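The values are calculated or read from the model by the stated rules, or taken from the named source; none is laboratory data. Everything numeric in this text was worked out from a predicted model, so none of it was measured. So basically every Cβ, Gly included, is an ideal-geometry build from the backbone, and we count neighbours across all protein chains shown.
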Amino acid sequence: MSVNVLFAAKPDRWAEYERPLRDAIAARGITAHIAMDIPADQVDYIVYAPNSEVKDFAPFTRTKAVLNLWAGVEAIVGNPTLHLPLTRMVDPALTQGMIEWVTGHILRLHLGMDAHISATPGTWEPKAPPLAFDTRVTVLGLGELGTACAAALAGLGFQITGWSRSQKQIDGITCLSGAQGLDKALSRADYCVLLLPSTAATENVLDARALALMPKGARILNPGRGPLIDDAALLAALETNQIDHATLDVFRVEPLPQEHPYWTHAKVTVTPHVASETRAAYSAKTIAENIHRGETGAPFLHLVDRNAGY
(Lines give C-alpha, C1' and ligand atoms only; values in the text may rest on other atoms or scores of the structure.)
Protein backbone atom coordinates (compact mmCIF):
# COMPACT_ATOMS: atom_id res chain seq x y z
CA MET A 1 0.00 0.00 0.00
CA SER A 2 1.25 3.48 -0.86
CA VAL A 3 -0.50 6.74 -0.01
CA ASN A 4 0.01 10.51 -0.17
CA VAL A 5 -0.69 12.24 3.14
CA LEU A 6 -1.01 16.02 3.31
CA PHE A 7 -0.08 17.52 6.66
CA ALA A 8 -2.34 20.59 6.86
CA ALA A 9 -1.43 22.38 10.08
CA LYS A 10 0.77 25.23 11.24
CA PRO A 11 4.38 24.81 10.05
CA ASP A 12 5.74 24.61 13.60
CA ARG A 13 3.71 21.43 14.13
CA TRP A 14 5.40 19.70 11.20
CA ALA A 15 8.70 19.31 13.05
CA GLU A 16 6.83 17.72 15.93
CA TYR A 17 4.74 15.33 13.84
CA GLU A 18 6.91 14.38 10.85
CA ARG A 19 8.88 11.53 12.43
CA PRO A 20 6.07 10.08 14.61
CA LEU A 21 3.70 10.03 11.62
CA ARG A 22 6.24 8.36 9.34
CA ASP A 23 7.06 5.74 11.96
CA ALA A 24 3.43 5.04 12.94
CA ILE A 25 2.21 4.70 9.33
CA ALA A 26 5.17 2.50 8.39
CA ALA A 27 4.45 0.30 11.40
CA ARG A 28 1.01 -0.38 9.89
CA GLY A 29 2.67 -1.69 6.71
CA ILE A 30 1.93 1.37 4.58
CA THR A 31 4.37 3.31 2.40
CA ALA A 32 3.51 6.98 2.70
CA HIS A 33 4.66 10.22 1.16
CA ILE A 34 3.92 12.76 3.90
CA ALA A 35 4.41 16.46 3.20
CA MET A 36 2.88 19.92 3.53
CA ASP A 37 2.90 20.69 -0.21
CA ILE A 38 1.22 17.81 -2.07
CA PRO A 39 -1.04 18.91 -4.98
CA ALA A 40 -4.69 18.64 -3.96
CA ASP A 41 -5.64 16.15 -6.68
CA GLN A 42 -2.93 13.75 -5.49
CA VAL A 43 -3.84 13.69 -1.78
CA ASP A 44 -5.22 10.46 -0.29
CA TYR A 45 -5.55 11.64 3.32
CA ILE A 46 -5.41 15.02 5.04
CA VAL A 47 -4.01 15.25 8.56
CA TYR A 48 -5.78 18.43 9.53
CA ALA A 49 -5.72 21.16 12.16
CA PRO A 50 -8.63 23.63 11.83
CA ASN A 51 -6.24 26.59 12.13
CA SER A 52 -4.40 25.57 8.95
CA GLU A 53 -4.61 27.50 5.68
CA VAL A 54 -6.64 24.75 3.97
CA LYS A 55 -10.27 25.91 3.92
CA ASP A 56 -11.53 24.75 0.52
CA PHE A 57 -11.78 20.97 0.21
CA ALA A 58 -13.33 20.92 -3.27
CA PRO A 59 -9.98 20.38 -5.07
CA PHE A 60 -9.23 17.22 -3.06
CA THR A 61 -10.98 14.95 -5.52
CA ARG A 62 -9.32 11.64 -4.59
CA THR A 63 -9.02 12.21 -0.82
CA LYS A 64 -10.54 9.45 1.31
CA ALA A 65 -10.75 11.19 4.68
CA VAL A 66 -9.84 14.26 6.72
CA LEU A 67 -8.19 13.17 9.97
CA ASN A 68 -8.55 15.94 12.53
CA LEU A 69 -5.63 16.52 14.90
CA TRP A 70 -7.89 18.04 17.56
CA ALA A 71 -10.59 16.49 19.70
CA GLY A 72 -12.90 19.40 18.85
CA VAL A 73 -14.31 19.71 15.34
CA GLU A 74 -16.59 22.74 15.67
CA ALA A 75 -14.23 24.84 13.52
CA ILE A 76 -14.45 22.46 10.56
CA VAL A 77 -17.64 20.40 10.77
CA GLY A 78 -19.75 23.14 9.19
CA ASN A 79 -17.39 23.81 6.26
CA PRO A 80 -19.69 23.78 3.18
CA THR A 81 -16.92 22.43 0.91
CA LEU A 82 -16.21 19.41 3.11
CA HIS A 83 -18.06 16.31 1.94
CA LEU A 84 -15.37 13.83 2.92
CA PRO A 85 -15.38 11.53 5.97
CA LEU A 86 -14.13 13.53 8.97
CA THR A 87 -12.65 11.96 12.09
CA ARG A 88 -11.88 13.55 15.43
CA MET A 89 -8.83 12.87 17.54
CA VAL A 90 -9.10 10.33 20.33
CA ASP A 91 -5.93 8.93 21.85
CA PRO A 92 -4.84 7.63 25.27
CA ALA A 93 -2.65 10.64 26.05
CA LEU A 94 -5.43 13.12 25.30
CA THR A 95 -7.74 11.21 27.64
CA GLN A 96 -5.12 10.79 30.35
CA GLY A 97 -4.26 14.49 30.27
CA MET A 98 -7.90 15.42 30.79
CA ILE A 99 -8.30 12.96 33.65
CA GLU A 100 -5.26 14.43 35.40
CA TRP A 101 -6.41 18.05 34.97
CA VAL A 102 -9.97 17.39 36.15
CA THR A 103 -9.10 15.22 39.13
CA GLY A 104 -6.23 17.51 40.11
CA HIS A 105 -8.32 20.67 40.19
CA ILE A 106 -11.28 19.02 41.91
CA LEU A 107 -8.99 17.60 44.61
CA ARG A 108 -7.32 20.99 45.03
CA LEU A 109 -10.68 22.59 45.80
CA HIS A 110 -12.10 19.60 47.68
CA LEU A 111 -9.11 19.44 50.07
CA GLY A 112 -8.89 23.22 50.51
CA MET A 113 -5.28 23.28 49.37
CA ASP A 114 -5.21 27.00 48.55
CA ALA A 115 -5.94 27.95 52.16
CA HIS A 116 -2.99 25.91 53.41
CA ILE A 117 -0.61 27.07 50.71
CA SER A 118 -1.35 30.77 51.30
CA ALA A 119 -1.86 30.61 55.08
CA THR A 120 0.08 32.98 57.33
CA PRO A 121 3.04 31.10 58.85
CA GLY A 122 2.12 29.88 62.33
CA THR A 123 -1.58 29.55 61.53
CA TRP A 124 -2.92 26.27 62.94
CA GLU A 125 -6.54 25.56 62.07
CA PRO A 126 -7.00 21.76 62.00
CA LYS A 127 -10.25 21.63 60.06
CA ALA A 128 -10.64 18.33 58.23
CA PRO A 129 -11.81 18.49 54.59
CA PRO A 130 -14.99 16.69 53.48
CA LEU A 131 -14.82 13.16 52.13
CA ALA A 132 -15.36 12.26 48.50
CA PHE A 133 -18.03 9.81 49.69
CA ASP A 134 -20.17 12.81 50.69
CA THR A 135 -19.44 14.98 47.65
CA ARG A 136 -21.43 15.03 44.43
CA VAL A 137 -19.86 15.68 41.03
CA THR A 138 -21.85 16.17 37.83
CA VAL A 139 -20.09 15.67 34.50
CA LEU A 140 -21.87 17.27 31.55
CA GLY A 141 -20.86 15.30 28.47
CA LEU A 142 -20.28 11.55 28.46
CA GLY A 143 -18.14 11.18 25.38
CA GLU A 144 -14.66 9.66 25.50
CA LEU A 145 -13.24 12.34 27.79
CA GLY A 146 -16.30 12.83 29.98
CA THR A 147 -16.74 9.12 30.60
CA ALA A 148 -13.06 8.68 31.46
CA CYS A 149 -13.11 11.60 33.92
CA ALA A 150 -16.36 10.42 35.49
CA ALA A 151 -14.94 6.92 35.98
CA ALA A 152 -11.72 8.29 37.52
CA LEU A 153 -13.65 10.45 39.98
CA ALA A 154 -15.95 7.56 40.85
CA GLY A 155 -12.84 5.52 41.58
CA LEU A 156 -11.81 8.17 44.12
CA GLY A 157 -15.15 7.77 45.89
CA PHE A 158 -17.08 10.78 44.60
CA GLN A 159 -20.81 10.44 43.89
CA ILE A 160 -20.98 10.86 40.11
CA THR A 161 -23.86 11.95 37.92
CA GLY A 162 -23.30 12.15 34.20
CA TRP A 163 -25.48 13.92 31.63
CA SER A 164 -25.50 13.43 27.87
CA ARG A 165 -27.75 14.29 24.94
CA SER A 166 -28.76 10.66 24.51
CA GLN A 167 -29.25 8.23 27.38
CA LYS A 168 -26.23 6.14 28.38
CA GLN A 169 -25.54 3.36 30.86
CA ILE A 170 -22.15 3.35 32.59
CA ASP A 171 -21.28 1.25 35.63
CA GLY A 172 -20.83 3.31 38.79
CA ILE A 173 -22.30 6.47 37.27
CA THR A 174 -25.86 7.78 37.46
CA CYS A 175 -26.61 8.64 33.83
CA LEU A 176 -29.24 11.22 32.89
CA SER A 177 -30.33 12.77 29.60
CA GLY A 178 -32.80 15.27 28.17
CA ALA A 179 -33.93 18.63 29.53
CA GLN A 180 -35.35 17.27 32.78
CA GLY A 181 -32.26 15.13 33.24
CA LEU A 182 -30.06 18.19 32.87
CA ASP A 183 -31.97 20.07 35.57
CA LYS A 184 -31.67 17.07 37.89
CA ALA A 185 -27.96 16.69 37.16
CA LEU A 186 -27.34 20.36 37.95
CA SER A 187 -29.37 20.23 41.16
CA ARG A 188 -26.97 17.65 42.62
CA ALA A 189 -23.72 19.25 41.40
CA ASP A 190 -21.44 20.25 44.25
CA TYR A 191 -18.96 20.27 41.40
CA CYS A 192 -19.87 20.58 37.73
CA VAL A 193 -17.38 19.53 35.05
CA LEU A 194 -18.11 20.72 31.50
CA LEU A 195 -16.97 18.32 28.79
CA LEU A 196 -19.62 18.88 26.14
CA PRO A 197 -18.84 19.66 22.50
CA SER A 198 -19.43 23.18 21.26
CA THR A 199 -22.65 23.21 19.21
CA ALA A 200 -25.66 25.49 18.84
CA ALA A 201 -27.49 23.24 21.32
CA THR A 202 -24.78 23.46 24.01
CA GLU A 203 -23.96 27.18 23.84
CA ASN A 204 -24.62 28.81 27.23
CA VAL A 205 -25.68 25.49 28.76
CA LEU A 206 -24.61 27.13 32.03
CA ASP A 207 -26.74 30.27 31.90
CA ALA A 208 -28.35 32.17 34.79
CA ARG A 209 -31.18 29.66 35.08
CA ALA A 210 -28.85 26.67 35.11
CA LEU A 211 -26.51 28.25 37.65
CA ALA A 212 -29.46 28.95 39.95
CA LEU A 213 -30.37 25.26 39.92
CA MET A 214 -27.02 24.26 41.37
CA PRO A 215 -26.50 23.93 45.15
CA LYS A 216 -25.44 27.14 46.87
CA GLY A 217 -21.64 27.34 46.84
CA ALA A 218 -21.11 24.91 43.97
CA ARG A 219 -17.85 24.82 42.05
CA ILE A 220 -17.45 24.75 38.23
CA LEU A 221 -14.64 23.36 36.10
CA ASN A 222 -14.62 24.03 32.35
CA PRO A 223 -11.94 22.22 30.35
CA GLY A 224 -14.40 21.67 27.48
CA ARG A 225 -15.32 24.69 25.36
CA GLY A 226 -15.60 28.40 26.15
CA PRO A 227 -19.11 28.98 24.72
CA LEU A 228 -20.62 26.45 27.15
CA ILE A 229 -20.74 29.18 29.82
CA ASP A 230 -22.65 32.47 29.82
CA ASP A 231 -19.77 34.55 31.18
CA ALA A 232 -21.91 37.41 32.48
CA ALA A 233 -24.20 34.98 34.29
CA LEU A 234 -21.24 33.20 35.88
CA LEU A 235 -19.68 36.44 37.10
CA ALA A 236 -23.03 37.45 38.62
CA ALA A 237 -23.38 34.05 40.33
CA LEU A 238 -19.87 34.37 41.77
CA GLU A 239 -20.73 37.78 43.23
CA THR A 240 -23.81 36.41 45.05
CA ASN A 241 -21.89 33.32 46.25
CA GLN A 242 -24.29 31.06 44.37
CA ILE A 243 -21.10 29.73 42.78
CA ASP A 244 -18.11 29.49 45.09
CA HIS A 245 -15.37 29.03 42.50
CA ALA A 246 -14.80 28.51 38.78
CA THR A 247 -11.70 26.90 37.32
CA LEU A 248 -11.64 27.72 33.61
CA ASP A 249 -9.30 26.41 30.93
CA VAL A 250 -11.17 27.45 27.77
CA PHE A 251 -12.70 30.74 26.68
CA ARG A 252 -14.69 32.34 23.87
CA VAL A 253 -11.63 34.36 22.88
CA GLU A 254 -8.15 32.87 23.28
CA PRO A 255 -5.75 33.97 24.56
CA LEU A 256 -8.10 35.38 27.20
CA PRO A 257 -7.92 39.20 26.82
CA GLN A 258 -5.87 40.91 29.52
CA GLU A 259 -8.79 43.15 30.49
CA HIS A 260 -11.19 40.24 31.08
CA PRO A 261 -12.50 40.17 34.68
CA TYR A 262 -11.70 36.48 35.03
CA TRP A 263 -8.00 37.30 35.35
CA THR A 264 -8.34 39.22 38.60
CA HIS A 265 -11.44 37.64 40.12
CA ALA A 266 -10.70 36.12 43.54
CA LYS A 267 -13.01 33.17 42.85
CA VAL A 268 -11.75 32.29 39.39
CA THR A 269 -8.73 30.22 38.41
CA VAL A 270 -7.58 30.68 34.81
CA THR A 271 -5.46 28.04 33.12
CA PRO A 272 -4.25 28.69 29.52
CA HIS A 273 -6.01 25.89 27.57
CA VAL A 274 -3.70 23.21 28.94
CA ALA A 275 -6.21 20.69 30.32
CA SER A 276 -5.27 18.23 27.62
CA GLU A 277 -2.98 18.34 24.61
CA THR A 278 -2.63 16.27 21.48
CA ARG A 279 0.79 14.63 21.71
CA ALA A 280 2.40 13.51 18.47
CA ALA A 281 3.77 10.18 19.73
CA TYR A 282 0.26 9.02 20.62
CA SER A 283 -1.97 10.80 18.11
CA ALA A 284 0.17 9.60 15.20
CA LYS A 285 -0.88 6.04 16.04
CA THR A 286 -4.57 7.00 15.85
CA ILE A 287 -3.96 8.62 12.46
CA ALA A 288 -2.01 5.61 11.20
CA GLU A 289 -4.79 3.27 12.30
CA ASN A 290 -7.38 5.26 10.38
CA ILE A 291 -5.20 5.35 7.25
CA HIS A 292 -4.83 1.57 7.49
CA ARG A 293 -8.59 1.26 7.84
CA GLY A 294 -9.15 3.48 4.83
CA GLU A 295 -6.80 1.35 2.76
CA THR A 296 -8.31 -1.97 3.84
CA GLY A 297 -11.98 -0.98 3.65
CA ALA A 298 -12.60 -1.06 7.41
CA PRO A 299 -14.76 1.68 9.00
CA PHE A 300 -12.92 4.75 10.25
CA LEU A 301 -12.54 5.20 14.00
CA HIS A 302 -14.06 8.28 15.70
CA LEU A 303 -16.09 9.35 12.66
CA VAL A 304 -17.85 12.68 13.15
CA ASP A 305 -21.66 12.78 13.04
CA ARG A 306 -22.32 15.84 10.86
CA ASN A 307 -25.90 16.20 12.09
CA ALA A 308 -24.89 16.18 15.76
CA GLY A 309 -21.86 18.36 15.10
CA TYR A 310 -19.30 16.14 16.83
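Which residues, taken from the range 244-290, are surrounded by fewer than 19 Cβ atoms within 10 Å (Cβ to Cβ), among the aliphatic types (A, V, I, L, M) and under 30 Å from Val47 (Cα atoms)?
Val253, Leu256, Val274, Ala281
Just to check your reading of the model, which residue among Ala49, Ala9, Ala27, Ala40 is closer than 16 Å to Lys285 by Cα and in the same structural domain as Ala284 (by TED's automatic domain parsing)?
The match here is Ala27.
Table: residues versus (1) assigned to a helix (DSSP H, G or I); (2) under 23 Å from Glu100 (Cα atoms); (3) over 16 Å from the mean Cα position of the chain (by Cα).
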{"position": "Thr199", "(1), (2), (3)": "no, no, no"}
{"position": "Thr202", "(1), (2), (3)": "no, no, no"}
{"position": "Ala210", "(1), (2), (3)": "yes, no, yes"}
{"position": "Arg219", "(1), (2), (3)": "no, yes, yes"}
{"position": "Pro255", "(1), (2), (3)": "no, yes, yes"}
{"position": "Glu259", "(1), (2), (3)": "no, no, yes"}
{"position": "His265", "(1), (2), (3)": "no, no, yes"}
{"position": "Val274", "(1), (2), (3)": "no, yes, no"}
